[in-house]
1. Of the conditions (1) touching an Asp or Glu at 6+ places or on another chain (Cβ under 7 Å); (2) part of a helix (DSSP H, G or I); (3) more than 11 Å from the ligand (Cβ to nearest atom), R135 clears all except one; give me its number.
2. So in segment 138-166, with the set limited to residues that are of a type outside the set (A, V, I, L, M, F, W, C) and assigned to a loop (DSSP other than H, G, I, E, B), which one is nearest to the ligand (Cβ to nearest atom)?
3. For segment 167-184, which residues satisfy the criterion of being of a type in the set (G, A, S) and part of a loop (DSSP other than H, G, I, E, B)?
4. Could you identify the single residue in T92, T103 that is within 8 Å of the ligand (Cβ to nearest atom) and of a type in the set (S, T, Y)?
5. Inspect all residues belonging to segment 112-126 and state whether any of them is within 9 Å of the ligand (Cβ to nearest atom), over 14 Å from V185 (Cα atoms) and either of a type outside the set (D, E, K, R) or in contact with a strand residue (DSSP E or B) (Cβ under 9 Å, 6 or more places away or on another chain) (or both).
6. Considering only segment 169-184, how many residues are within 10 Å of the ligand (Cβ to nearest atom), closer than 30 Å to T125 by Cβ and not aliphatic (A, V, I, L, M)?
7. Can you find a residue in segment 46-63 that is away from the ligand (no atom under 11 Å from the Cβ) and among the β-branched types (V, I, T)?
8. Tell me whether segment 115-126 contains one or more residues that are small (G, A, S), touching a residue at least 60 places away in the same chain (Cβ under 8 Å) and surrounded by fewer than 16 Cβ atoms within 10 Å (Cβ to Cβ).
Amino acid sequence: MKRRLVLSLISVFAFSGISIAAEGGDITLEHKKDNAAANAAEIIEMRSSLAKEFIKPDTEITEDTFKKVCGAVKKRVMEITEKENVKIRHATLKNRNAANAATPEEAELIKKFSADNNMTELRDTVRKDGKEFFRYTRPIYVEEACLACHGSKDARPKFIVEKYPEDKAYDYKAGDLRGIISVLVPLN
Ligand code: HEC
């Protein structure tokens, strides 16, 4: 009798163990997908609030101002990339940093967002370098405070003109689609 009880207890634990493990896998992936959405939101919100905080009508815009806005965002992107084992892509048709020039495939994605202002996010799966990724993408829009550095060509701060001779990230207006941010979660 005692032995039977022990055996059945063992089997109950064994089975529940299996089901927990199976669910655990799903929960982890779902959790990572939600996290990707949270990462994208954090980056967009961070850039927007830093620009509002540090760009005032009488601010002289220097490289130091950049370090507090898009520069700080770049740092945070690197931090998240390392901590969460994800890839984060900023992509745009008018890039300042060559690394952010949209690939033909990203350009298609940008077209979708520019054709539909109500499209707030996109979830899909992509293959890159033979690996599969879940991809979470959001559009980035230009705000008034961004124009200090992404406004008219001639009004760009000196350090930008000097540091980015191939710059295309100007002549935006508030409300324009600046580009996209994608968070890629490896699936295998
Ligand atoms: C103080 C100047 C400054 C302000 C203000 C600023 N940016 Fe930038 N931004 C830059 C610079 C410089 C880069 C290039 C960074 C690099 O070398 O990777 C950049 C890069 C970017 C990129 C990456 C794509 C690319 O072209 O390389 C995006 C997206 C972006 N900015 C959006 C914005 C948005 C949206 C705002 C307002 C909320 C904003 N920026 C405000 C200076 C600024």
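Every read-out reported here was derived from the displayed coordinates using simple, explicitly stated rules and does not represent laboratory data. From a predicted model like this one, the values you see are computed outputs, not experimental measurements. Reconstructed Cβ throughout: ideal geometry from the backbone, glycine too, with neighbour counts over all protein chains shown.
1. Going through (1) touching an Asp or Glu at 6+ places or on another chain (Cβ under 7 Å); (2) part of a helix (DSSP H, G or I); (3) more than 11 Å from the ligand (Cβ to nearest atom) one by one, R135 breaks only (2).
2. Per the criteria, the residue is E143.
3. A169, A174, G175
4. Exactly one residue qualifies, and that residue is T92.
5. Checked segment 112-126: no residue is within 9 Å of the ligand (Cβ to nearest atom), over 14 Å from V185 (Cα atoms) and either of a type outside the set (D, E, K, R) or in contact with a strand residue (DSSP E or B) (Cβ under 9 Å, 6 or more places away or on another chain) (or both).
6. So the answer is 3.
7. Within segment 46-63 (the criterion being away from the ligand (no atom under 11 Å from the Cβ) and among the β-branched types (V, I, T)), the answer is no, since none of the residues qualifies.
8. no
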